[in-house]
Structure formats: C-alpha cells, structure tokens
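Written out below as structure tokens is the structure these notes cover.
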Amino acid sequence: MKKSVKGVLDFIITLHPIKAVVLGYISYVLLGWILLCLPVTQSGSGANAIDNLFISASAVSTTGLVTVSISDKYTLLGEIVILALIQLGGIGYMTFGSFIILSRQKKISEARTDIGSVVFSLPQSFRIYKFVKSVIFFTVLIEAAGAAILYMLLRQAGQTNVLWSSIFHSVSAFCTAGFSLYNNSLESFAGNFWFNLTISTLSYLGAIGFIVLVDVWRRVTGRIQRITLTSKIILHATFWVSLAGTVIFFLFEPSVKLLPLEDRLIVSFFQAMTSMTTVGFNTVGISQISRATLLLLIMLMVIGASPSGTGGGLKSTTFSVLFGITKSTLKGENRVYFWGRPVPRQRVRLAVTTFCFYVSFLLLGIYFLTLTENFKDFKFESILFEAASALGTVGLSTGITPQLSSLGKIIIVSLMYIGRVGPLTFGMSLFLRPKTKYDEADNDVAI
C-alpha cells in the first residue's frame, strides 16, 4: 500500500507542469460530478449522471451552459458545490493551495511555481508567489463588493432569497461563469441600468485578468513607472472590440429595434460585453436574434477575454498579435510592434499556434456535433453557436443544450474542458517540447 501511494506521489512530483494542469482540471470535474450525484445535493427528481457531469464541467470551466435548471434540480448544498467549482475554476488550478502555503510563511515549491506559470501565462516581469497573493486579494475584494451592491439592487427589485442570490451572481459574474439561479438568465433585468452596470463591471474585471489588475495597482501605488505591454494591449483590445460589438448589435439587430432607445443601448452593450468577456449571461433570448447577430456574437466569443483572467476564448492578446502580424506584413516589416515596442518572436509563434489549435478544436467539435445530432431538428447555426460557446467557455445558447443527445453532451463537455485548460496547453500536453527561454522580457506578452 505504501509503495502504491509513494508511486502515485512520485508520479505527481515528476509530472510535467502542462500535464499536471490538464489532469488537475479533470480531477476538479470528477470531484464535482461525484458530489452533484449525491442525494443530499439533488432536489426533487434530481438530474441524471450525464447531466451532473455536464454541470460539473460547465462550472469548473466557468462556461455556464446547462442541461437542467440549477434552482430546480439542486438543493442549496448542490448550489454551494456548483459555486465552489466556479470559484476554483475561475481563479485557477492550485491557487488556493498555493495561497495557504504562502500564508504560512512557506515558499511555493518549484513544481507549483511551474504549474502556476502555465495556468496564469505570466510575462516574465511577474513573480508567481506575489501574483498568487494578489489573485486572492482582488478576488475577495471584488466579489464582496459586487455581492453587497447586488444585494441592494435585488432587494429594490423585490427578488426573493436576496442574500444567496447576490453572492451567487457576484461570484458567477467575476468568474465569467454565467450561471444563474433564474431560469431565464438575466432577461428580467434587461432594462435595469444599475444591475446591468454591476454585472458588466464584475465581468470586465474578471475578463481583463489579474495581470491588468496587479499592473494597474502597482502603477497607482507608484511601484512601477508604466504598465506592461500585455496590460496595454488588453485594455485597448477590450475597449475597441466591446465598442464595435455594441454599435453593430445596436444598429443591426432587429429584435431590439422596438425597445426604447435607452433600453436598446443597454441590451446591445450587455450582449456584446457578455460575449467578449465570455460571462455568458443574457438579457434577451438568444434564439430570437438574427443570423447576422449570431455570427457577430460568435466572433466576439472567439476573440474572448484575456490571459490570467477568469474568461475564455482565443484571448484578446492573441487576437491583437494576429492583427499585428497582418499589419506588419502589409507594411513590409519583419517584426510585430505595438507602440514602438517589439513582441518577442517566440510569443508571435505561440499566438499563431494557439489560433491553429483553437480553430482545429472548434471545427472538430462542430463536425462531431453534426454527426451526433443528425436526426434532431437543429439548425446548423445553432450547432455552430453551441460549439463556439462551449470552446470559448461562454455559456450562451440558442436553447438546444438540454435537447442534446448523450454523445452530444459529452462533446460539449470536452469542448468546455479544452476551452478552460486552453487549446494551446491541451495541444502541448499531447506534443510536449523542451522548455524555451524567452528573451526581451520587458516586451513580453502573455498569450
């Protein structure tokens, strides 16, 4: 017995950090699955094993796609388990454990440091042991503030079970999970400006990532003279993509044209925000919007949030580097520059590789879904949207999720898992290469 335990421990210690991340998230999903299958977490007739696995994977991946109603199928304890999985998935693998070690004045082991570097994808100027403490600090601060504000807004709106609902939705928003205790997501709050603003602020703070939060904090407190190139790219990309998405949705989506101007603007902004940050809440029925807008939301979901944040997608930095490659090629330049600062060639190659893996997994997911759901009355755009939402860990759906076949649900679970781990990380776990040291650390960009 002792030899077996020792063998397992030796295996874990010697495991490559990338494989440790891949296996670590699987362990979270399986643990959540077991807990959600217990009678004490089930309400009424409960959910079957596949649906419980689906909900667990969706929570850990902070996606928000659901095959059953959270409030109808699970008890309060079940909802707490789901929220815990969202929190663990949102702030990253091993973060809590590393924080506990640091709080006891102990150093993080080299193995944990390597795993943390894979999970957070940090520029070289960041130190993982300091970064972990900052992650916990900002998470507690932002989620507590969000819950307090939502508590007041939900009370004012006459909702029931206000305390738990405010905590649940604050954590879900900051972790860009999109899980809601309301069966129509947030459609009841479509015209509530302050509620939309609060959820959007929480989602953006989670989506822009802890790199930006730490960077801005260090700049404000005078510890650094300027924010990193990564943060600058993230902030610019987030602003311009969100603005473009809002304007296009506002001008061309037919289902909101009859709304009052203010409500139309709020809805347009919220749906562009929820797609890009990959939070996945919706204030309008996704099944009611036009094909053109579905394509718009798919593009926003693919671009996604930012590295070292709680969101998914291709990542804003990867998208920006790809844009930079195109720009530099047209200008006849051999390097990718942002504000006169060159991006390391290795990071450019990683961006291209990430894009290739992302598109490959997305196409494979769509292909297999068209096979498994061949006899169902699903439109192709609905399948495309579902696959993009799953891989981007977004959680928006045209309504087909509960109707998927068992194999279809497993495919979506796989896409959500790959999206949370990261297509590049998952791909590298299959084709591991020796570690590469990066130069030009000051200009490093997280991908």
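Since every read-out is calculated from the coordinates, none of them should be taken as a lab result. The model shown is predicted, which means the values in this text are computed figures rather than measured ones. Every residue, glycine among them, receives a Cβ derived from its backbone with ideal geometry; neighbour counts consider all protein chains shown.
A few comments on the model shown:
- Karplus-derived 3J(HN,Hα), 6.51/-1.76/1.60, for each residue of segment 20-27, Hz, glycine and proline x: 4, 5, 4, 6, x, 5, 4, 5
- Segment Gln346-Val359, extension gain: residue separation times 0.36 nm, minus the distance between their alpha carbons: 2.7 nm
- Each principal axis of the Cα atoms in segment 221-274 has its own extent, and those three values, largest first, are 50, 19, 14 angstrom.
- Over segment 232-353, the reciprocal of the mean inverse Cα-Cα separation, the Kirkwood hydrodynamic radius, stands at 15.5 Å.
- Prolate is the label for segment 181-266, because a/c, from the alpha-carbon gyration tensor with a ≥ b ≥ c as root eigenvalues, is 1.5 or above and a/b exceeds b/c.
- Relative packing of 19-26, 308-315, which averages over residues the other C-beta atoms within 10 Å, highest first: 308-315, 19-26
- Flagged links, alpha-carbon separation over 21 Å, of Lys379/Lys409; Lys232/Lys315; Lys19/Lys232; Lys257/Lys315; Lys376/Lys409: Lys19/Lys232; Lys257/Lys315
- Couplings for segment 387-396, taken from phi via the Karplus curve 6.51 cos²θ - 1.76 cosθ + 1.60 with θ = phi - 60°, read 5, 5, 5, 5, 5, x, 6, 8, x, 6 Hz in order; Gly and Pro are left as x.
- Peptides 193-203, 168-178, 366-376 ranked from most to least packed, by the mean per-residue count of other Cβ atoms within 10 Å: 168-178, 193-203, 366-376.
- Most to least packed among 231-237, 261-267 [average Cβ atoms within 10 Å]: 231-237, 261-267
- Other-chain or far-sequence residues with amide H under 5 Å of Tyr74's (modelled H): Ser43
- Note, ³J(HN,Hα) from phi for segment 229-236, Karplus 6.51, -1.76, 1.60, rounded to Hz, x at Gly and Pro: 4, 4, 5, 5, 5, 4, 5, 5
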